[in-house]
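In what follows, a single structure is set out as structure tokens and then discussed.
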Amino acid sequence: MWDDPTKVPDAAAALKMTAKDLVDLHIVDEVIPEPLGGAHRDLNAITDRVAKSLSNQLSQLNELSLPQLLSQRDQKYRSIGAVNGLTAIPQYIVPPSVPLTSKRSSRRLLSSLADRIHQELCTRLNTQARDRKK
């Protein structure tokens, strides 16, 4: 935005791109705090924090039926960019009576996804740590 790197904090504040702004605007669900000195300094701590956060978020989502999950997601994305309470008109609504899939299979899917994300994160962090040691 500005050609002066010292203005980065001002630009972030103007664009509402700080972590607190993103939480307040409901664009992100939570901000995972970094270990002292940054995530790159303590890979085990940040991996544990990310895994714990994913686990907590997914366990909350597992409590919802698929229609509830879709409706909540739809509401979340439609609220992004809302001005003075005015939002886009929903194009569709999934009625709760429509069985899109069983709750058990959606839980399995979420659990499998969390496992894959965690494995990929650990692999990447371990690779980065090995590369730094070389």
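Just so you know, all these numbers are worked out from the coordinates, no wet-lab data involved. Just so you know, these numbers come straight off a predicted model, no measurement behind them. Note: ideal-geometry Cβ built from the backbone for every residue, glycine included; neighbour counts use all protein chains shown.
Give me the aspartates and glutamates in straight-line cross-link reach of residue 133: C-alpha distance below 18 Å, same-chain residues under 8 apart excluded. Those aspartates and glutamates meeting the cut-off are 42. If you take all other residues with their beta carbon under 10 Å from the beta carbon of residue 34, and give Lys and Arg +1 and Asp and Glu -1, the sum is +1.
The alpha-carbon of residue 76 sits under 19 angstrom from the alpha-carbons of these aspartates and glutamates, leaving out residues fewer than 8 places away in its chain: 21, 24, 29, 30, 63. From least to most packed, judged by other beta carbons within 10 angstrom and beginning with the fewest, 6, 123 follow the order 6, 123. Excluding same-chain neighbours fewer than eight residues apart, the lysines reachable from residue 7 by a Cα-Cα span under 27 Å are 16, 20. 3J(HN,Hα) along the range 35-44, derived from phi through the Karplus expression 6.51 cos²θ - 1.76 cosθ + 1.60 where θ = phi - 60°, amounts to x, 3, x, x, 4, 5, 8, 9, 5, 5 Hz, with x in place of Gly and Pro.
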